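The values are calculated or read from the model by the stated rules, or taken from the named source; none is laboratory data. These figures come from a predicted structure and were not determined experimentally. Quick reminder, even Gly has a Cβ in these numbers, built from the backbone with ideal geometry, and neighbours come from all protein chains shown. Surface areas here come from the heavy atoms of the whole protein model, side chains and all, with no ligands, DNA or RNA. Shrake-Rupley method; radii C 1.70, N 1.55, O 1.52, S 1.80 Å.
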Amino acid sequence: MRRIITLFLAAGLGLAGCVTPSIPIPPPEPALMTFSVTTDPNGAITSASLTYPATESYKGGVVYVFNRTLGHGSIDLVNADGSVGPTSPVPAAAGNSLVISIENDDQTVSTCVLLREGMPSSYCP
């Protein structure tokens, strides 16, 4: 009987070793984001497209760019090298709140920024 209990305990510990916690992926860093914008004849921003440098943990993921101010967004695959974009253009104007989310098999991380051409100006309030 003692052998059976020992065997079950050993098997349980062996199976527990197969369950490894996932390593958190970093949220997109605003300082690394670049937005390409289109403008109307008056110079006002009408849409924005995101690019972001390669990040190993983003490989095989999906990127969501959602304009929280206007209620529009886009969904794109992360590039094979782990970089993002250029994403599909999202309707936008300067100062709009854009939520950038990266999703992989295990988790989703997000950052909200205020739009301007080039690097975003700050985190959302």
**Report entry** Search result, residues across the range 98-110 that are open to solvent by 20 Å² or more (accessible area, probe 1.4 Å) and in contact with a helix residue (DSSP H, G or I) (Cβ under 9 Å, 6 or more places away or on another chain)
**Finding:** 104
Query raised in the report: For residue 113, are the conditions met, namely being open to solvent by less than 40 Å² (accessible area, probe 1.4 Å), in a strand (DSSP E or B) and touching a residue at least 60 places away in the same chain (Cβ under 8 Å)?
Result: yes
**Report entry** Scope the range 93-118; condition closer than 10 Å to residue 66 by Cα and touching a Pro at 6+ places or on another chain (Cβ under 6 Å); matching residues
**Finding:** 100
Query raised in the report: When you scan the range 46-58, how many residues do you find that are more than 17 Å from residue 122 (Cα to Cα), outside any loop (DSSP other than H, G, I, E, B) and open to solvent by 30 Å² or more (accessible area, probe 1.4 Å)?
Result: 3
Requested in this report: Just give me the residues in the range 68-93 being open to solvent by less than 70 Å² (accessible area, probe 1.4 Å) and assigned to a loop (DSSP other than H, G, I, E, B), in sequence order.
Outcome: 71, 78, 79, 82, 83, 85, 87, 88, 92, 93
